[in-house]
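Notes follow the structure.
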Amino acid sequence: MKNQPLGGNDMPRFAGPGTMMRLPSADNAAGLNACFVGVPMDIGASNRPGTRFGPKQIRAESVMLRPYNMWTKAAPFDSIQVADIGDVPINTFDLKDSVKRITGFYDDVLTHDVIPLSLGGDHTMTLPILRSMAKKHGPVGLIHVDAHADINEHMFGEEIAHGTPFRRAWEEKLINPERTYQIGLRGTGYTAEDFDWARDKGFSVTQAEELWHRSAAPLMAKIKAALGDDPVYLSFDIDALDPAFAPGTGTQEIGGLTTIQALEIIRGCRGLNIVGCDLVEVSPPYDPQGSTALVAANLLFEMLCVLPGVAYRS
């Protein structure tokens, strides 16, 4: 019997467990095909903090999610075993130690044949997760959805922060640059060439303006064809969305993606060999209504729906 989310007719949605989708909790990833993991961290953030509260709020806003995707017909809980394995015990006072702790946590998770879906937390967390991914899968393909390239060389002299993970990932050969796709980049920069470092290294960059008033589905069809069967990691920064849809984040940029385009991007990953996903930079203090976390919870469900092994009802 596969784990099921606790239904609203069995327990009121404002009650019950505080896990993602009110799924059963587990001490570790043994026996699971996919697991939700929280990384409650904001000590790598450069502007507005608060992402340490992201995982808890995403879980809280996930209570209205039901087990079937009514458009794609995905039925993840009919076909794969899923649970919430809790949070990484980060060091609130030490970013470098937290990074080590995250890698150690995911090293243990990935001793099992499981796909982690991570709730952030600032974007620093993706670097230590990719370090674990590369140990198991080698350099992975990357779909990175974000307002920012996160390829800074340093931030205040530090090599590790939420604006540097993908430069470090390239330097450490954790990602395959020829199979790395950045989507939604926009806003102002320090130089006119800020996004060109990634292009020079082989990344494919689609700025937000290229998707204005357009469907993202054709772009995803091209990306899917190029990635083929190689292992792929999906990292989605909530600030990829326009602040109208996701105000609760630390570094907002206008002119962003819509929630519809976000769904097209994630649904366009169906059929890829996804080995892990994350949804980062939700900062609940800047959105008291919870709509940003609600969007994040739904996008994480959509990620679950496109994982390998998920069945679809006709």
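The values are calculated or read from the model by the stated rules, or taken from the named source; none is laboratory data. Just so you know, these numbers come straight off a predicted model, no measurement behind them. So basically every Cβ, Gly included, is an ideal-geometry build from the backbone, and we count neighbours across all protein chains shown. The area values use the complete protein model at the heavy-atom level, side chains included, leaving out ligands, DNA and RNA. Shrake-Rupley method; radii C 1.70, N 1.55, O 1.52, S 1.80 Å.
Miscellaneous remarks
- The chain: DSSP helices with Cα axial extent of at least 18 Å and average Kyte-Doolittle hydropathy no lower than 1.0: 291-305
- Neighbourhood net charge (12 Å Cβ-Cβ; Lys/Arg +1, Asp/Glu -1) for Asp42: 0
- Largest to smallest in accessible area, the residues Tyr190, Tyr181, Tyr233, Tyr312 fall in the order Tyr190, Tyr312, Tyr181, Tyr233 (1.4 Å probe, all protein chains included).
- Oblate is the label for segment 177-314. Its Cα gyration tensor axes, ordered a ≥ b ≥ c, give a/c of at least 1.5 and b/c at or above a/b.
- For the chain, the calculated P(r), taken from all Cα-Cα distances in 10 Å bins from zero up to the bin holding the longest distance, is 6, 30, 39, 21, 3, 0 percent.
- Cα gyration tensor, segment 91-156 - rounded (a/c under 1.5), prolate or oblate: oblate
- Pairs over the 24 Å Cα-Cα cut-off, from the set Lys96/Lys224; Lys173/Lys224; Lys73/Lys135; Lys100/Lys222: Lys96/Lys224; Lys73/Lys135; Lys100/Lys222.
- C-alpha center-to-center spacing [segment 1-67, segment 250-303] in angstrom: 15 Å
- Magnitude of the charge dipole for segment 146-187, about its Cα centre and with charges confined to Cβ atoms of Lys, Arg (+1) and Asp, Glu (-1), is about 180 debye.
- Using a simple spin-label model with pseudo-atoms 7 Å out from Cα toward Cβ, Tyr312 and Asn273 lie 2.0 nm apart.
- Projected-area mean, segment 216-294, by convex hull of Cα positions, square nanometres: 5.3 nm²
- Gyration tensor (alpha-carbon) shape descriptor, segment 44-114, a/c threshold 1.5: oblate
- Considering helices alone, the calculated mean residue ellipticity of the chain at 222 nm is -8000 deg cm²/dmol, with DSSP H runs of length four and up weighted by -39500 (n - 2.57) and normalised per residue.
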